[in-house]
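Below is one structure, written out as structure tokens; comments come after it.
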Amino acid sequence: MRVKLFLSLLSFVFLMAGCKNASPSIAPTNVPANTPTLEFSLPIPATLVNPTASKTPSVEKLTLTPVSDQQNVLDLAFEVINVIKADDSVALSQYVHPQMGLRFSPYSYVKDSDQVFTTQQVAGLLDDSTVYLWGNYDGSGEPINLTFADYYAKFIYDVDFADAPQLSLNHRLSTGNSIDNSQEYYPGSMIVEFYFPGFDPQYGGMDWRSLRLVFMQDDGTWYLAGLIHDQWTT
């Protein structure tokens, strides 16, 4: 009797051990090491801020600018670029910021010494024969002494920006050696860039051009506060 009881207990132990070994193990849920990168087709549908990028843009911060404001500024940018194309300084003046005026920057680094004109002054600029100092030429450092009409032809509408193949909102699409300080100089701004990635394949994209339109708010309305011409610099 004792032998049978012992054998029964021994069989029960082996049975339980077998069941334990056969029990399936539950693996922890696998969590991806990296979250996916989101890419947007231009125009960018949100305000993407990355003022120091020099290569492929990365999304660094998504601002809380309302979508309606973004659309309003994009609509204004298309209106302004067509007014500029039409050489209509009177129409352009209607978009100028009433307090800040309109600042003209020949290269990406915005300076206090850049020429600034009021709404009334902008209206008559194309008929103004005054030679202004707009800054210094990249490379030579020679002064940029031009009438507004000549400056317009060289540093505003030197290519057909209204037909630019790429557009960005608050993101610089390309860069030379010149520092882009537009976001710092115009805090709270929205900047629309009309961009050509290049024209002659032999230059490998170094002949890119862009025109950036800077919009600032005043009493809830967006106005044009800056025109930044941008290109490869040495």
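Some notes on this structure:
- So F148, is it surrounded by 20 or more Cβ atoms within 10 Å (Cβ to Cβ), over 21 Å from N72 (Cα atoms) and over 14 Å from the mean Cα position of the chain (by Cα): yes
- Test for Y186: is it touching a strand residue (DSSP E or B) at 6+ places or on another chain (Cβ under 6 Å), of a type outside the set (S, T, N, Q) and over 30 Å from Q71 (Cβ atoms): no
- Boolean, E79 is at pLDDT below 50 and either in contact with a Gly (Cβ under 9 Å, 6 or more places away or on another chain) or surrounded by 12 or more Cβ atoms within 10 Å (Cβ to Cβ) (or both): no
- Only a single criterion out of (1) modelled with pLDDT of 95 or more; (2) part of a helix (DSSP H, G or I) is not satisfied by L213, namely (2).
- The residue that is nearest to A162 (Cα to Cα), counting only those in region 191-209 that are in contact (Cβ under 8 Å) with a residue 40 or more places away in the chain and in contact with a Leu (Cβ under 7 Å, 6 or more places away or on another chain), is F194.
- Evaluation of G135 against the conditions (1) part of a loop (DSSP other than H, G, I, E, B); (2) on the phi > 0 side of the Ramachandran plot; (3) more than 15 Å from the chain's Cα centre (by Cα) shows that the sole unmet condition is (1).
- Scanning region 210-220 for residues that are of a type in the set (D, E) and in contact (Cβ under 8 Å) with a residue 24 or more places away in the chain yields one hit, D218.
- Region 100-120 - residue that is under 22 Å from the mean Cα position of the chain (by Cα) and assigned to a strand (DSSP E or B) and, of those, nearest to D138 (Cα to Cα): S105
- As a summary of the residue check, K154 satisfies the conditions (1) in contact with a helix residue (DSSP H, G or I) (Cβ under 9 Å, 6 or more places away or on another chain); (2) within 18 Å of I228 (Cα to Cα) except for the one numbered (1).
- Verdict on L173 being at pLDDT below 95 and among the hydrophobic types (A, V, I, L, M, F, W, C): yes
- Where a residue in region 153-173 is on the phi > 0 side of the Ramachandran plot and its partner, wherever it lies, is of a type outside the set (S, T, N, Q), with Cβ under 8 Å and at least six apart: N170/I44; N170/L48; N170/V49; N170/M190; N170/I191
The values are calculated or read from the model by the stated rules, or taken from the named source; none is laboratory data. All values derive from a computational prediction rather than experimental measurement. With ideal geometry, Cβ positions are generated from the backbone for all residues, glycine too; neighbour counts draw on all protein chains shown.
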